[in-house]
Each structure stands twice: as structure tokens, then as C-alpha cells.
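Just so it is clear, none of the values below were taken in a lab; they were calculated from the coordinates. Remember, it's a predicted structure, so these values are computed and weren't measured experimentally. Don't worry about glycine lacking a Cβ; one is built from the backbone with ideal geometry, like all the others, and counts go over all protein chains shown.
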């Protein structure tokens, strides 16, 4: 796959994402910030980046890494991938029974571990603060239905 093909795939994905954002129902309440604002801004930014990448690929400024001589992955690549996927899977499986913050913290720790961060109290506290901040911002301030922060028994 050439960089131009990658750019076309990215632009296509942005088109699908824009279509999905257009399907989000408008809020029945008159809000300044509706439920489509943040997704639309994110998709718009990603589409802009995809177009910039496509232009640079068309100009030949992107290289095809598959043509490189040395294609050996860095040590621990499988562990990094499993940490990333495991964090996402933990979030998907645990968000309903445990609320948002605990699975969000576990997901953040999986992502951090995939970037070689140690799994220690510092990582736990930072990921918990990030997950809590996201929940407060989106669930409380913006009114996005993320469910409870923590399970009822906590």
C-alpha cells in the first residue's frame, strides 16, 4: 500500500465518521453545546490532517516504509500491542458494570504501558485523574450520557 493509498483510506474513513456524526440525534434541550459539536470538531480535524497527509503523499514527500531494508520490530512490540488492545478491551467489557472511571483508568494504564510507562501507583493516580476529568467534563458539564462515574456499590 503506497502513502497515497493510505491517504485515500484515511479520507474515506473521515467521510464515514462524518456520516456517523450526522446521524447523532439533536438534543431535545436547547443547549449551546450540543451532542454533535465535539465529534464534529474531532472528525473535522482528522479530515484536515488526512488531507494534508494526502497532499504531501501526492507530492512524494511521504516514504513507503515497507521498502526499508531493516524491518525488524523493536523489542517488546507484541507486549506493547497486547497492552494497548487489553486496555481497550478492559474498558469495553467493564464500563457497564463498573461505571466510567475504573475502566477508563485501566484503559489508560494499558495505553501507558504500551508506551513503556511502568505500572505503578503514579501511573494509577495519573490515569484515574484523567478518566475522572473526562467523566466530569463530558458527563457533568456537557451532559453527555456516559453513565455513572463509579458503580453504585463503591
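Things worth noting here:
- A convex hull fitted around the alpha carbon atoms of region 1-60 yields 55 Å³ per residue.
- Surface/4 estimate of mean projected area, convex hull on alpha-carbon atoms of region 77-141, nm²: 4.2 nm²
- The alpha carbons of the chain occupy a box of 55, 43, 22 Å along the principal axes, longest dimension given first.
- The stretch between residue 20 and residue 116 holds 31.2 nm of extra length on full extension. This uses 0.36 nm per residue minus the Cα-Cα distance.
- Calculated mean residue ellipticity, 222 nm, the chain: -20500 deg cm²/dmol, from DSSP H runs (n ≥ 4) at -39500 (n - 2.57) each, averaged per residue and rounded to 500.
- Between residue 77 and residue 55, the modelled label-to-label distance comes to 3.3 nm, taking each label 7 Å out from Cα in the direction of the beta carbon.
- With both labels modelled 7 Å from their Cα along Cα-to-Cβ, the residue 27 to residue 13 distance reads 2.9 nm.
- A Förster radius of 22 Å combined with the Cβ-Cβ distance from residue 42 to residue 141 puts the calculated FRET efficiency at roughly 0.80.
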